[in-house]
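Visitor: Encoded as structure tokens, here's the structure I'll be asking about.
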Amino acid sequence: MKFILKLPEILVNSKEKCLSSSTASPRLSRCVDEVTIINILTNRSNEQRQDIAFAYQRRTKKVCQTPNGSPPIAAQNAHPNELSAALKSALSGHLEAVILGLLKTPSQYDASELKAAMKGLGTDEDTLIEIICSRTNQELNEINRVYREMYKTELEKDIISDTSGDFRKLMVALAKGKRCEDTSVIDYELIDQDARELYDAGVKRKGTDVPKWINIMTERSVPHLQKVFERYKSYSPYDMLESIKKEVKGDLENAFINLVQCIQNKQLYFADRLYDSMKGKGTRDKVLIRIMVSRCEVDMLKIKSEFKRKYGKSLYYFIQQDTKGDYQRALLNLCGGED
């Protein structure tokens, strides 16, 4: 794997070691070859980027290699590492956010985004909702494990301390990652029962039985719920999304809507989030960066397809129009080319 050894040489030797110099003097950061950094890191898999980071770490003699040549467990999970620190000192702004995000494992990235969303005064509910509503059981279980390792506390504990009411109950239930994933049997009787109970707990009555909604929407499998939402239309004059808007408000409404959209079509959900981050004046770069970094190796092709189908122009085109410079180059590379 030649790329492992190439990157440290490029980063510390090109431009007369300007990267290492820039750590001491921000004025020298302009010497850094951003294009090379972008082209290498955005065109490797996450696993390869972890290998690159370990090779850089080993090159700077900060970790010891295990007998079989693989990174020690502590090194694999450690962040920040030497490469991250070097790049943080050399880069800035949105490009820095993209590159440092790419150097984390998916679970480290999600854990750090969740921690940042709940850090300090106020909570970034949108970030909390997007990540927790869209991740699979396996992803959520890994996020919980890494969050515990990185921050020495439980994700659930932080959610409880930063949220309240039924919104808290929904976030906690989802974050546990206990959704049924058995899709081998289609239980039409249960589909009808769940659809009727969602209707009875909401639109049919005065007030909403939110715990009933939470139980069904956080415990049933995604394919099952897709059928439940279709069946729901035979009982209610409104579809599930319209019912949510009529029954609940605020963060709880936002969370339920995001959850239902993810269940119905996760790639369309992310396409809509990306469009919203770039429409109108200004760009919601935090959302744009998070989705591009977290989905580039998961389902970006399908997201791009949904984006073009709904909005008429490609995601690549929108990124070109809304961003510029090295930041744009990095995002376009993650996008994977014009459709």
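The values are calculated or read from the model by the stated rules, or taken from the named source; none is laboratory data. Since this is a predicted model, take the numbers as computed values, not measurements. Here the Cβ is made from the backbone with ideal geometry for all residues, glycine too, and neighbour counts use every protein chain on show. Side chains are part of the model used for accessible areas, which takes the heavy atoms of the whole protein and leaves out ligands, DNA and RNA. Shrake-Rupley method; radii C 1.70, N 1.55, O 1.52, S 1.80 Å.
Visitor: Taking every pair of alpha-carbon atoms in the range 188-251, what share in percent sits in each 5 Å bin, from 0 to the bin with the longest distance?
Guide: 4, 20, 32, 28, 13, 3, 0
Visitor: A follow-up question, please. Over the range 266-335, with every protein chain in place, what whole percent of the accessible area is carbon and sulfur at 1.4 Å, could you tell me?
Guide: Using a 1.4 Å probe with all protein chains present, the range 266-335 comes out at 46 percent carbon and sulfur.
Visitor: Just name one of G280, Q267, N333: the one whose Cα is farthest towards the positive end of the charge dipole of the range 266-335 (beta-carbon charges, Lys/Arg +1, Asp/Glu -1).
Guide: The Cα lying farthest towards the positive end belongs to G280.
Visitor: Another question, if that's okay. Heavy-atom accessible area per residue, the range 188-251, 1.4 Å probe: how many Å²?
Guide: Result: 53 Å² per residue.
Visitor: Wrap a convex hull around the Cα atoms of the range 281-339, take a quarter of its surface area, and give that in square nanometres.
Guide: 3.9 nm²
Visitor: What's the ranking of 157-169, 275-287 by average number of surrounding C-beta atoms within 10 Å, highest first?
Guide: The most tightly packed comes first, giving 157-169, 275-287.
Visitor: Another question about this same structure. Using a simple spin-label model with points 7 Å from Cα along the Cα→Cβ vector, what separation in nm is obtained for E242 and L121?
Guide: In this crude label model, E242 to L121 measures out at 4.2 nm.
Visitor: I need to check one value: relative contact order of the range 159-256, counting alpha carbon pairs closer than 8 Å and at least 6 residues apart, in percent.
Guide: Computed over the range 159-256, the figure is 33 percent.
Visitor: Hey, can you rank 293-304, 310-321 by average C-beta count inside 10 Å, highest first?
Guide: Highest-to-lowest ranking by the protection proxy: 293-304, 310-321.
Visitor: Still on this structure: Beta carbons within 10 angstrom, averaged per residue: use that to sort the peptides 209-218, 184-193, highest first.
Guide: Ranked by mean Cβ neighbours within 10 Å, highest first: 209-218, 184-193.
Visitor: Still on this structure: What Kirkwood hydrodynamic radius, in Å, does the range 232-339 give when the mean of 1/r is taken over all pairs of distinct Cα atoms and then inverted?
Guide: Evaluated on the range 232-339, it is 15.0 Å.
Visitor: Over the range 215-339, what is the mean sequence separation of C-alpha contacts under 8 Å (at least six apart), divided by residue count, expressed as relative contact order in percent?
Guide: Relative contact order for the range 215-339 comes out at 18 percent.
Visitor: On a 1.4 Å probe surface of the protein chains, which of Y232, Y327, Y238 comes out largest in accessible area, and what is the full order?
Guide: Ranked from most to least accessible, the order is Y238, Y327, Y232.
Visitor: Could I ask something else about it? Multiply the residue separation of E297 and Y235 by 0.36 nm, subtract the distance between their alpha-carbon atoms, and state the gained length in nm to one decimal.
Guide: That pair, E297 and Y235, stretches by 18.4 nm at full extension.
Visitor: Let me ask something else. Full-extension gain between L190 and K286, please, as 0.36 nm times their residue separation minus the C-alpha to C-alpha distance.
Guide: In short, 30.6 nm is gained.
Visitor: While we're on this one: In whole angstrom, how far apart do the alpha carbon centroids of the range 306-339 and the range 169-201 sit?
Guide: 36 Å
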